[in-house]
Amino acid sequence: MKKLITILVLLLTQMVFGQTATPPAAGDGSIESPYQIASLENLYWIAASDAVVPSPTKVTRWAAHYIQTTDIDASATSGWPSGGWTPIGNNVTNFTGSYNGQGHTISGIKTNRQVNFQGLFGAVLSATIQNLGVTSVNIAGLQYFGGLAGAVNNSTVSKCFSTGSVSLGGSTSYLKAGGLIGVIENSSDVSNCYSTANIENQREIGGFAYSITSSTVSNCYSIGSAGGISDYGGFVGAVSGATVTNCFWDTQTSGTEISAGGTGKNTTEMTTQSTFLDAGWSSAIWYMDAGFNSGYPYLEWQNPGGSPLPVELTSFTASVSGGKVTLNWQTATEVNNYGFEIERTSPRPSPQGEGCEAGRGWENIGFVAGHGNSNSHKEYSFTDETVISGKSFYRLKQLDNNGEFSYSSELEVNIETIPTEFALYQNYPNPFNPSTKIKYSIPSVETHGGASVQNISLKIYDILGNEVAVLVDDNLSAGNYEIEFDASQLPSGVYFYSLSAGDFHQTKKMIVLK
């Protein structure tokens with residue numbers, strides 16, 4: 001009789017409030033075939049008690065693997081009895097499986113209970129949550145609660161975000177509440193997430209999380225209100241034995257410049273690309289557009305047609321040696337990068353980069369392929385072997401796979417006049433002790449008959465003609481060179497240095513005087 005009454009109560013509740021637990025139509029909960037969540041009824045099926053879903057049991061369901069196949073409207077939870085949404089996982093039975101939102105959102109979840117561990121998830125242990133947004137949440141609890149989860153223990157959370165509000169649902173004024181997660185602890189790894197949710201209390205709160213303990217949090221930010229009386233922070237209220245790297249909070253919208261971790265930036269800085277590019281955020285993960293997400297960074301899966309953080313050029317340098325110009329550059333991140341065209345002009349181009357003062361425009365002198373998508377440092381190099389004497393300017397034209405492009409800053413390079421003949425100059429100082437410098441010149445092949453610039457050698461001989469040192473034995477291109485000779489191991493006396501290149505030979509005398 002008692003069992004019958006319970007069933008009738010459950011049926012009546014479902015009829016009145018539309019609170020129905022429906023098994024997923026596909027998947028078996030394994031890693032290979034996760035349950036496919038496509039509705040609020042599917043979502044409630046995960047969270048429901050054993051009285052509602054006796055098989056599989058809650059323990060089994062909270063250890064299973066899930067993927068979400070569409071956006072879910074959970075606003076109906078505001079009318080559910082006993083405080084609305086019941087979280088997945090609690091402090092007795094943690095959620096230990098995985099949930100991949102696959103770039104979808106759950107909107108309008110509401111819960112208001114005077115109990116601990118509230119959020120979409122209550123308490124998770126050794127779990128993985130990724131690619132999920134919880135929007136317009138209204139989470140109220142006693143302690144340990146956040147928009148996404150109340151407590152994350154030895155778990156991984158990545159590419160998730162929350163919006164809405166998190167507030168007090170009980171009599172205590174100590175929340176341990178965060179915009180995304182209440183507490184992050186015990187070797188958890190949280191990366192590439194953000195929260196805009198407002199925290200409505202004054203103690204033990206954080207815009208992103210209340211506390212981070214013995215865990216790693218990287219490339220995350222928060223902008224929600226998080227000011228208070230004690231134990232609060234714009235990004236996090238308390239940090240212990242944890243690493244918080246490249247994380248930020250908005251000091252204006254949060255209402256505080258205090259945080260136990262992260263870097264505070266004003267709203268202008270938080271909506272400026274360089275803030276995040278300089279921190280090494282990946283352009284394959286983060287996008288920024290003035291007309292989306294109020295100009296703050298957002299996750300690529302939220303708006304794939306948006307603007308990724310651009311290819312970040314961290315350095316661009318030039319060096320001159322042997323009549324050649326070598327360009328070196330590095331990128332911190334790349335997205336959709338087809339490659340770089342190398343352009344040169346001389347003399348000085350116009351300010352608009354269209355032509356130049358003497359009528360000569362930018363010339364494409366080479367191409368270096370890019371790495372497509374990358375969130376690690378990449379190094380590139382290009383050598384200009386057809387240099388122009390005098391002053392030249394170089395720039396990079398970065399090309400995307402879709403044909404879009406952008407220019408780097410310009411480099412000015414002064415190139416000495418290319419020699420027209422071989423020359424070996426008198427060393428200086430001379431006599432010397434213990435070192436001296438020797439200069440020599442190598443012309444272009446076209447300007448010196450049949451002489452070859454291959455196998456250039458510069459050797460030192462003693463008065464008897466014995467070879468005592470080889471300073472150069474290499475293939476060198478046209479240019480002016482200087483090399484230092486150290487004679488500290490040689491006795492005083494007269495020595496000869498000889499330059500040879502093909503059919504060219506020249507010898508000069510020097511004196512070591514000790």
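Any read-out appearing in this document is the output of simple, stated calculations on the displayed coordinates, not a laboratory observation. This structure is a prediction, so every number in the text was calculated from the model and none was measured. Cβ placement follows ideal geometry from the backbone for every residue including glycine, while neighbour counts extend to all protein chains displayed.
Structure summary
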| quantity | calculated |
| --- | --- |
| Under 13 Å from the Cα of residue 176 - aspartates and glutamates, other chains or at least 8 residues apart | 185, 200, 204, 231 |
| Entry for Cα Rg over 2.2 N^0.38 Å (calculated from the structure that is shown) out of (i) 1.01; (ii) 0.97; (iii) 1.46 | (iii) |
| Scattering curve values for the stretch 35-302, log₁₀ I(q)/I(0), Debye with Cα scatterers, q = 0.07, 0.10, 0.13 Å⁻¹ | -0.20, -0.42, -0.73 |
| Total charge dipole magnitude, the chain, about the Cα centre, Cβ charges on Lys, Arg, Asp, Glu only, Debye to nearest 20 | 1500 |
| Sequence of 314, 69, 333, 251 once ranked by neighbouring C-beta atoms within 10 Å, starting from the fewest | 314, 69, 251, 333 |
| Under the Karplus curve 6.51 cos²θ - 1.76 cosθ + 1.60, θ = phi - 60°, whole-Hz ³J(HN,Hα) for the stretch 32-43, x wherever Gly or Pro sits | 6, 9, x, 4, 9, 9, 10, 7, 4, 5, 5, 5 |
| Potential extension, residue 488-residue 401 segment - 0.36 nm per residue separation minus Cα distance | 25.5 nm |
| Long-range amide H partners of residue 362 with built H, under 5 Å | 355 |
| Partners for residue 509 among lysines (Cα-Cα distance below 20 Å; same-chain residues under 8 apart left out) | 437, 439, 459 |
| Mean-position separation - Cα centroids, the stretch 85-104 and the stretch 183-252, in angstrom | 20 |
| Acute angle (nearest 10 degrees) that the helix 2-17 long axis makes with the longest principal axis of the chain, alpha-carbon atoms | 60 |
| Rounded if a/c under 1.5, otherwise prolate or oblate - the stretch 29-100, Cα gyration tensor axes | oblate |
| Lysines with Cα under 22 Å of residue 265, excluding same-chain neighbours fewer than 8 positions away | 159 |
| Selected from 165, 390, 469, residue furthest toward positive end of dipole (the chain; charges at beta carbon) | 165 |
| Packing rank of 159-167, 476-484, where each peptide gets the mean count of other beta carbons within 10 Å, highest leading | 159-167, 476-484 |
